[in-house]
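The values are calculated or read from the model by the stated rules, or taken from the named source; none is laboratory data. Small disclaimer: the values here were computed from a predicted structure and weren't measured. Using ideal geometry, Cβ is built from the backbone for each residue, glycine included, and neighbour counts are taken over all protein chains shown. What goes into the accessible areas is simple: the full protein's heavy atoms, side chains included, and nothing from ligands, DNA or RNA. Shrake-Rupley method; radii C 1.70, N 1.55, O 1.52, S 1.80 Å.
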Amino acid sequence: MSTSFELSIEISEQYDFSKESLNKIEQNLWVKSQWPLVYFIQNDSIKVAYVGESTNASKRIQNHLANPERCKLNKISIIGSDKFNKSATLDIESSLIQYITAEGTYELQNGNFGLINHKYYQQDLYKNLFKEVWNKLIEKKIVTKSLNEIENSELFKYSPYKSLNEDQYNSVLEILDGLTSNTSNRIFISGSAGTGKTILATYLMKLLTTDVENERIEELNDDELREINYIKNFNKKYPNAKIGLVVAMTSLRESLEKVFKKVPGLKSSMVINPSETLKSKEKYDLLIVDEAHRLRKYKNIGWMGIFKKNNEKLGLDDTGTELDWIMANNKNQIFFYDSAQSIKPSDVDAIRFTDLLNEKSTLKIELKSQMRVKGGNNYIQFVHDLLHVERTEKNKYREENYELYIFENFCDLHTELIDRENEFGLCRMIAGYSWPWLSNPKLDPKPSPEVTDIELDGLKFKWNSTDKDWINSANAFNEIGCIHTTQGYDLNYAVIIFGKEINYNKEKGCIEIDSNHYFDINGKKGISDPESLKSYIVNIYKTIMYRGIRGTFIYACNKELKDYLKQHIETFKKDLPFRILRLEEVIPYINSIPLIDITAAAGKFSDLQIHSELTWVEPPFNISAKKGYFICKVLGESMNQKIPNGSYCLFKQYEGGSRDGKIVLVESTDIHDSDFGSGYTVKEYHSVKNISSDGWNHAVIILKSLSDNQEYSDIELTNDKLINFKVIGIFEKVISM
């Protein structure tokens, strides 16, 4: 069976969209043969358009010409292909609606009802066909932005025009049925991170505020008709319905406000915080609550005075919560909820939601399909099992469509992230609260550029410089975000940094928390039970590990946790700039040089003659293999004036003679280098000698840093520290960076 086909897309000339041009339009090959096709009607002067599909385009266009709204448009293009079928045109139509809305050139007249992604034969191949359609639209200057550019935009990610999968679409029908029946005024939609809860919330907001009274039935398919009938019933029950989308998290709320401002029929004022539900003089007919697990109670918050006053308005004491405020001023509620994403003691207790869920009148719906992460539900389950130490499989996680790696060195990780950012965009670093926020602009509105918060293998970073839409802020790639600036957002690649507050106890076989290294004051204040704090912190790491669509890169500060994670996650191995030779190919120091890992040397330098114990590589063409030569990777910034971080360097085994002023690789049990750990370092060698009539000896050996970073200090060895000191090799040159 063929797994590909030749792409063949035609976009017609722009016909006048009028009754007078109908005969000409009907002569189009695809219209004339009643072939499945897609069409695009537009008016460039007012930047309004409509996207449709049909197998009887002539009749469909006649219907449009009888619609007063469509008659505001004046040009139509026919999009045809001999590869089109009914399923493909429905798919391409819904994709065009999504992308054109987010692209921003046109305001679409389309509603969002009936947008469902049906599965059909060779669906993956038609994704390439859609790319060709889009490229043709760019060629004709109908649109301007690339698909990648659109996909990384807020408007695309939170668009109410997203095509729903069957799981989501069936949930919409259940919700609409629940809202229009008299059986329940409370609906709970549960689902883990990435199941599309926010997408469903925005879809419902657009759907329920759409004017469907003038929709012509003959223009609609069965899915659209089904939803429109529900909307009409809802409008009869609640004329001029007052609807709000409640979002407790400031960052996500502001992002959604921007989206709603750009969508026809929606307003930014529809996105509200829990306090605003109390300000309305009339009850809401419906409140849709996204990320309900982040609603707060009167504990560990910075605005307790306002919180107390809001409770007093409702006659509540300090046990009142934002959940109570929402329940007090509306007729119907839809909660999107995931208990596993509760990450602070200020979050409303899970028991409150459990009580509501257990009421007989509550309609309960569960979303199961993973929409964000390309690793799917398998990845979600893997992360849960990994962080709860419940994974029984001995094999490491592998998924063809998902990149999951743990990195030994943060420099390598950062290099890979730069590559992904250049290719895909929207790649961000996220960490646990294991570092104080020294660069906090609230402490100093103009902090010095030299003030940083987090240092990892010589690289220094600041925490997120804003808590409002940090993901899309100008300097986000160069900063490190936290749970509060990333929860609810999608990324292409997420770097997850496990800080010093979380570790693994090998003897007990469990995750452990060190509260001394946890710097979220409001995240731990008042928690006396270590297991409760552990639960919050594990939830934080689970939640941020679900952010990456295409991949997740892991770095762990604590060795014990890193070793545990490496048992289950592939360690990233960067392609070497050398060819590793098979043992039978190796002729030592004739066609090969040993490659040695300094950080794991463990005496290997004394075994340079033992053929089978070493990794042998083919030297670059400009370097001759000589006895005593070996290659090491030099990490860190302590020698960056001479040796760039991460460079592979050629050394010659030291066999005596002067080494003063030379760059050397040394071994000593008294050395602890931040770049290499204990035992080894690469520095410039200097010696101060004691000379007497009996000879000379070293008074002090200075191992000098050659770095642009002044924080690197020299290492001085005197007296007993000189006993175990040994020069291993003399630096020759950098051979690969």
(request) Collect the residues in the range 58-74 that are crowded, with 16+ Cβ neighbours inside 10 Å and under 40 Å from the mean Cα position of the chain (by Cα), keeping them in residue-number order. (result) ARG70, LEU73
(request) Please specify each residue of the range 722-737 satisfying the condition of being farther than 9 Å from CYS649 by Cβ, touching a residue at least 40 places away in the same chain (Cβ under 8 Å) and surrounded by fewer than 17 Cβ atoms within 10 Å (Cβ to Cβ). (result) ASN724, PHE725, LYS726, MET737
(message) Just to be sure I understand the filter: pairs with C-beta atoms under 7 Å, separated by 6 or more residues or on different chains, first member in the range 552-567 and farther than 13 Å from GLY499 by Cβ, second member among the charged types (D, E, K, R). Which pairs pass?
(response) PHE553/GLU416; GLU560/LYS506
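Looking only at helices (runs of 4 or more DSSP H) that fall completely inside the range 145-223, which ones have 1 or more residues that are closer than 25 Å to SER342 by Cβ and of a type outside the set (A, V, I, L, M)?
Qualifying helices (runs of 4 or more DSSP H): 154-157, 166-180, 197-208.
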(request) With the checklist (1) surrounded by fewer than 13 Cβ atoms within 10 Å (Cβ to Cβ); (2) modelled with pLDDT of 85 or more in hand, flag the one item LYS573 doesn't pass. (result) (2)
(message) What's the total number of residues in the range 86-97 that are farther than 26 Å from LYS24 by Cβ and surrounded by fewer than 20 Cβ atoms within 10 Å (Cβ to Cβ)?
(response) 1
(request) Identify the residue in the range 285-306 that is in contact with a helix residue (DSSP H, G or I) (Cβ under 6 Å, 6 or more places away or on another chain) and open to solvent by 10 Å² or more (accessible area, probe 1.4 Å) and, among all such residues, is nearest to ASN330 (Cα to Cα). (result) ARG296
(message) If I filter the range 434-452 for residues that are at pLDDT 90 or above, under 30 Å from VAL247 (Cβ atoms), surrounded by 15 or more Cβ atoms within 10 Å (Cβ to Cβ) and in contact with a helix residue (DSSP H, G or I) (Cβ under 9 Å, 6 or more places away or on another chain), do I get at least one hit?
(response) yes
(message) As an exercise: evaluate ASN516 against (1) within 25 Å of GLU501 (Cβ to Cβ); (2) touching a residue at least 24 places away in the same chain (Cβ under 8 Å) and give the number of the one condition it does not meet.
(response) (2)
(message) I'd like the residue in the range 36-56 that is at pLDDT 95 or above and either among the hydroxyl-bearing types (Ser, Thr, Tyr) or over 38 Å from the mean Cα position of the chain (by Cα) (or both) and, out of all such residues, is farthest from ASN112 (Cα to Cα).
(response) SER45
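Please determine, by comparing only the residues of the range 659-671 that are assigned to a loop (DSSP other than H, G, I, E, B) and in contact with a Ser or Thr (Cβ under 9 Å, 6 or more places away or on another chain), which one is surrounded by the most Cβ atoms within 10 Å (Cβ to Cβ).
ARG659
Name every residue in the range 256-266 that is outside any helix (DSSP H, G or I) and out of contact with any helix residue (DSSP H, G or I) (no Cβ under 6 Å at 6 or more places or on another chain), in order of residue number. Reasoning before the result, please.
Of the residues in the range 256-266, the ones outside any helix (DSSP H, G or I) are 263-266.
Within the range 256-266, VAL263, PRO264, GLY265 meet the criteria.
Please determine, by comparing only the residues of the range 683-729 that are touching a Gly at 6+ places or on another chain (Cβ under 9 Å) and not polar (S, T, N, Q), which one is nearest to ILE596 (Cα to Cα).
Of all residues in the range 683-729, those touching a Gly at 6+ places or on another chain (Cβ under 9 Å) come to 684-686, 707, 709, 712, 729.
Within this subset, residues satisfying the condition of being not polar (S, T, N, Q) are 684-686, 712, 729.
Details: GLU684: 20, TYR685: 21, HIS686: 25, TYR712: 25, GLY729: 12 Å.
In this case the residue turns out to be GLY729.
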(message) Quick check on my filter: what residues within the range 597-646 are at pLDDT below 90, among the hydroxyl-bearing types (Ser, Thr, Tyr) and in a strand (DSSP E or B)?
(response) THR615
(request) Would you mind finding the one in LYS261, LYS281 that is within 21 Å of LYS313 (Cβ to Cβ), open to solvent by 30 Å² or more (accessible area, probe 1.4 Å), at pLDDT below 95 and basic (Lys, Arg)? (result) LYS281
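Restricting to the range 644-657, count the residues that are within 16 Å of GLU732 (Cβ to Cβ) and surrounded by fewer than 22 Cβ atoms within 10 Å (Cβ to Cβ).
Number satisfying all stated conditions: 9.
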